[in-house]
Amino acid sequence: MCSSYGTGKTEAIRTQGVPRDIGQGMRMAAEMTPRERWLAALSLEPVDRLAFWPKLDASYPMHRDASFRDMPIAEIHSWIGSDRHEGVGPGLRDVRTHTAFETIRDGDGSRDVFRSRHGELTRINRFDPTSQSRHPVCFPVKTADDVKIMTEWYADCRPEPDAEALAEVRRQREANGADALSVTHIGQSPLMHWVEWLAGVENAHYLLFDFTDDVLALFEAMHRVLVRRAEILADRHPADAFYMVENTSTTLISVDQYRTYNLDHITRYAEITKDAGRHLLLHMCGHLKDLLGDLARVPCSGFEAFTAPSLGNTTLLDGRTTCPDKCLIGGTQATDWLRPPEQIIAGIRGSLDDLPHHRGIVVTSAGVMPPWCPPETIKTVCDWVKAYPVRL
């Protein structure tokens, strides 16, 4: 752990049985930049105060009054006082020999076309202007034959570094400087991508049950691509941390399915990044409580979008108890942010007070901040979080 800890009484804070009153035997961290604060939290090291990150997306300013409607997201974060968390590009390109991929814009939607020598598959997406996001409404894999075409498509994919894109990523990282944590994504594990983007929830389970060997062959082709992406990014990418954008939830898959089809894959990506001395975060915004024991064994740095009840089903105390070496990024849920600021603060205070210590905690909106939450409310909560007395 951190060398600033003493011996004797303060040694107890290394354990889950940390006393509420740790006495005067611990040195507090000096004032940190947002990036330093994030990195310390990811490593479960002392921080000067808790980091706070409200997740604002492109839809947020659209629902604000004139003073914020035309303001860039970064400026809104500055006004609030957020510890910023910024995405940068992956800096990769996919090389193919006999397959192809094309996105065709179609009004407010798009079609993703997967081409191979044995057929063509199409995913239809619709753009939702209210949330400023796209969602699949027709999935590319519907039959066992489609599974084989998609397997061929993945088997032909060879990720490689893109020198020009990596140069742009370095410029993005330098522009963020000390004011933000710079992150990029490796991808999404085969099982979750299968459910969310390739087959859809119902058909994904039917095909996995009826054509298990074929679907598992597809998973292995997808896994090979992700392993190579993880290896390249861990070795060459300047980001501070990497993500697997999992959206894991036991409302979409079962605990047994996670253990059988997902855990080994996730563990492999985490091993690659850990061996390179890099941080891997799992974005998991659903019901996780029954998976925490399994997730505790994954050598990643933390869980992001760690969502409180009732939208999620895991409290910060649940996470800290079962996963004592993981950074927990979240602690609230969307409907919390529709309440008055004093009620939001009371809920966060209760969650924080319950914890044995506050190492490895970043307070966020978990999922995307509801656009109906006023920026003034977010700033009030932010100021309170900054003043909260951390126990390290």
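The values are calculated or read from the model by the stated rules, or taken from the named source; none is laboratory data. Computed from a predicted model, the values in this text were never measured in an experiment. All Cβ positions, glycine included, derive from the backbone under ideal geometry; neighbour counts span all protein chains shown.
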* Asked: Does the stretch 121-137 contain any residue that is touching a residue at least 40 places away in the same chain (Cβ under 8 Å), basic (Lys, Arg) and over 25 Å from residue 230 (Cα atoms)?
  -> yes
* Complete set of residues in the stretch 335-370 that are surrounded by 20 or more Cβ atoms within 10 Å (Cβ to Cβ), in contact with a Leu (Cβ under 8 Å, 6 or more places away or on another chain) and either in a helix (DSSP H, G or I) or without any contact (Cβ under 8 Å) to a residue 12 or more places away in the chain (or both) -> 352
* To do: Could you please give the count of residues in the stretch 150-177 that are in contact with an Asp or Glu (Cβ under 7 Å, 6 or more places away or on another chain) and assigned to a helix (DSSP H, G or I)?
  => 1
* Asked: Looking at the stretch 127-144, which of its residues are surrounded by 14 or more Cβ atoms within 10 Å (Cβ to Cβ), modelled with pLDDT of 95 or more and either part of a strand (DSSP E or B) or not aliphatic (A, V, I, L, M) (or both)?
  -> 136, 139, 140, 142
* Do we have any residue at all in the stretch 70-84 that's at negative phi, part of a strand (DSSP E or B), in contact (Cβ under 8 Å) with a residue 12 or more places away in the chain and out of contact with any Gly (no Cβ under 7 Å at 6 or more places or on another chain)? -> yes
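Among the residues of the stretch 42-60, is any within 29 Å of residue 242 (Cβ to Cβ), in a helix (DSSP H, G or I), at pLDDT 95 or above and hydrophobic (A, V, I, L, M, F, W, C)? Full working, then the answer.
Initially, the stretch 42-60 is screened for residues within 29 Å of residue 242 (Cβ to Cβ), giving 42-60.
Imposing the further condition that a residue be in a helix (DSSP H, G or I) reduces the set to 42.
From the residues that got through so far, the ones that are at pLDDT 95 or above too are 42.
Restricting the remaining residues to those that are hydrophobic (A, V, I, L, M, F, W, C) gives 42.
The answer is yes; a qualifying residue exists.
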* To do: Identify, from the list 36, 102, 75, the residue that is outside the structural domain of residue 165 (by TED's automatic domain parsing), acidic (Asp, Glu) and more than 22 Å from residue 332 (Cα to Cα).
  => 102
* Structure fact -> Inside the stretch 101-126, the number of residues satisfying the requirement of being modelled with pLDDT of 95 or more, surrounded by fewer than 13 Cβ atoms within 10 Å (Cβ to Cβ) and small (Gly, Ala, Ser) is 0
* Asked: Cβ-Cβ below 8 Å, separation at least six or inter-chain, first residue in the stretch 153-179 and touching a residue at least 12 places away in the same chain (Cβ under 8 Å) and surrounded by 13 or more Cβ atoms within 10 Å (Cβ to Cβ), second among the polar types (S, T, N, Q) and assigned to a strand (DSSP E or B): which pairs?
  -> 153/116; 156/116; 169/184; 172/182; 173/182; 176/182
* Asked: From 294, 336, which residue is touching a Lys or Arg at 6+ places or on another chain (Cβ under 7 Å) and at pLDDT 95 or above?
  -> 294
